[in-house]
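Colleague: This is the structure, below, for whatever I ask next.
The values are calculated or read from the model by the stated rules, or taken from the named source; none is laboratory data. What you are looking at is a predicted structure, and each value in this text was computed from that prediction instead of being measured. For neighbour counting, all protein chains shown are included, and Cβ atoms are generated from backbone atoms with ideal geometry for every residue, glycine included. Just the protein is used for accessible areas: all its heavy atoms, side chains included, with ligands, DNA and RNA removed. Shrake-Rupley method; radii C 1.70, N 1.55, O 1.52, S 1.80 Å.
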Amino acid sequence: MWNTSDGFDLYNNEWNSSGHPGPQRICGNSGRDWQVTSTQRAGNTEVLTYPSVQRNYPNRALSSFTSMTSSYAENMNAVAGTDAEAAYDIWINDLSKEVMFWVDNHGQTPAGSKVATVTLGGLTWNYYETSGYYAFVLNHNATTGTVDLLAGIRYLMSRGVLSGNDKLWQVNFGFEVCSTAGSPEAFTVSNYTLASS
């Protein structure tokens, strides 16, 4: 992991060592513009890596935010055997609660069960939930877009699974990678922004 000049961290994040991930390399000019080459075995369906751009927050109460939006442009260069998704990963109360927004999905299904379809920021999402994990899956794949992250957080507060006293710890955007069909695959982010107040 290293800090970028624009206030983000870039993290190669080969976190699932028990799953024996293959080689992966991340490089980038900034949090806005970075690339990953990952080689993961064919047919694997377990998440092995999450190369990502991160911004850390000082455990700020969710109720204090008036906005949180992010824009992205990414390309997974997916092939027939690609099993991965491009997604935001938001951590709350350190690692105790996880909120995801999936925007470009190739072969994955979130944990938990689908419990609702919701509209956030003008986009339609399928919402999945299990204990401590909440995932919004865009109803179509979009390699570019703008996501109203605070709208999703406020929706979770309305459901009672988050509260205004919960603390934001980290906002990430990257790729959960299971398989690249056994060959090197380039995952690129060419335009990423995150703004909050």
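Colleague: Return the single residue from 61, 151, 80 with maximal mean-square fluctuation; model: Gaussian network over the chain, springs between Cα atoms under 10 Å.
Modeller: Residue with maximal mean-square fluctuation among 61, 151, 80: 80.
Colleague: Also, I was wondering about something else. Can you sort 45, 130 by solvent-accessible area, 1.4 Å probe, largest first?
Modeller: Listed by decreasing accessible area, they come as 45, 130.
Colleague: Here's something else I'd like to know. Please report, to two decimal places, log10 I(q)/I(0) for segment 38-197 at q = 0.09, 0.18, 0.19 Å⁻¹ as given by the Debye formula with identical point scatterers on the Cα atoms and no solvent.
Modeller: -0.28, -1.11, -1.23
Colleague: Using a 1.4 angstrom probe with every protein chain in place, what is the largest-first accessible-area order of 17, 183?
Modeller: 17, 183
Colleague: If segment 52-108 were replaced by its equivalent ellipsoid, with semi-axes equal to the square roots of 5 times the Cα gyration tensor eigenvalues, what would those be, largest first, whole Å?
Modeller: 28, 13, 9
Colleague: Charges on Cβ only, +1 for Lys and Arg, -1 for Asp and Glu, centred on the Cα centroid of the chain; of 45, 115, 62, which one is farthest towards the dipole's positive end?
Modeller: 62
Colleague: Something else about it: Of 190, 5, which has the most accessible area and how do the rest follow, probe 1.4 Å?
Modeller: Largest accessible area first, the residues go 5, 190.
Colleague: Continuing with this model, one more query. So for the pair residue 186, residue 16, with labels modelled 7 Å out along Cα→Cβ, what separation do we get in nm?
Modeller: 2.5 nm
Colleague: Then there's this: Using the scaling law 2.2 N^0.38 Å as the reference, what is the normalised Cα Rg of segment 5-84?
Modeller: 1.33
Colleague: Another one. Taking 0.36 nm per residue of separation and subtracting the Cα-Cα distance, what length does fully extending residue 115 through residue 79 add?
Modeller: My answer for the length gained is 9.9 nm.
Colleague: If you fit an axis through the alpha-carbon atoms of helix 149-159 and take the longest principal axis of the Cα set of the chain, what angle between them do you get, 0 to 90°, nearest 10?
Modeller: Value to nearest ten degrees: 60.
Colleague: Label residue 9 and residue 158 with points 7 Å out from Cα along Cα→Cβ: what is the distance between them in nm?
Modeller: About 3.3 nm, to one decimal.
Colleague: Springs between alpha-carbon atoms under 10 Å, Gaussian network over the chain: tell me which of 47, 115, 99 tops the mean-square fluctuations.
Modeller: Highest fluctuation of the listed residues: 115.
Colleague: Using the Kirkwood radius built from alpha carbon pairs, what does the Stokes-Einstein equation give as D for segment 108-197 at 20 °C and 1.002 mPa s, in µm² per second?
Modeller: 141 µm²/s
Colleague: What list of ³J(HN,Hα) values in whole Hz, one per residue of segment 108-116 in order, does the Karplus curve 6.51 cos²θ - 1.76 cosθ + 1.60 (θ = phi - 60°) give from phi, with Gly and Pro shown as x?
Modeller: Computed from phi, the couplings for segment 108-116 are 9, 10, x, 5, x, 10, 6, 10, 6 Hz.
Colleague: At 1.4 Å probe size, with the rest of the protein present, what percent of the exposed accessible area of segment 24-165 is carbon and sulfur atoms?
Modeller: C and S atoms contribute 46 percent here.
Colleague: How large is the charge dipole for the chain, taken about the Cα centre, if only the Cβ atoms of Lys, Arg (+1) and Asp, Glu (-1) carry charge, to the nearest 20 debye?
Modeller: Roughly 360 debye for the chain.
Colleague: Can you compute the modelled spin-label distance between residue 165 and residue 1, with each label point 7 Å from Cα toward Cβ, in nm?
Modeller: Modelled inter-label distance: 2.8 nm.
Colleague: Can you give me the accessible area per residue for the chain, using a 1.4 Å probe, in Å²?
Modeller: That works out to 42 Å² per residue.
Colleague: Mean residue ellipticity at 222 nm from the helices of the chain, using -39,500 (n - 2.57) per DSSP H segment of n ≥ 4 over the full residue count, to the nearest 500 deg cm²/dmol?
Modeller: Result for the chain: -1500 deg cm²/dmol, rounded to the nearest 500.
Colleague: Give a residue-ordered list of calculated ³J(HN,Hα) values for segment 5-15 (Karplus: 6.51 cos²θ - 1.76 cosθ + 1.60, θ = phi - 60°; whole Hz; x for Gly, Pro).
Modeller: Computed from phi, the couplings for segment 5-15 are 5, 9, x, 10, 10, 9, 9, 5, 6, 8, 7 Hz.
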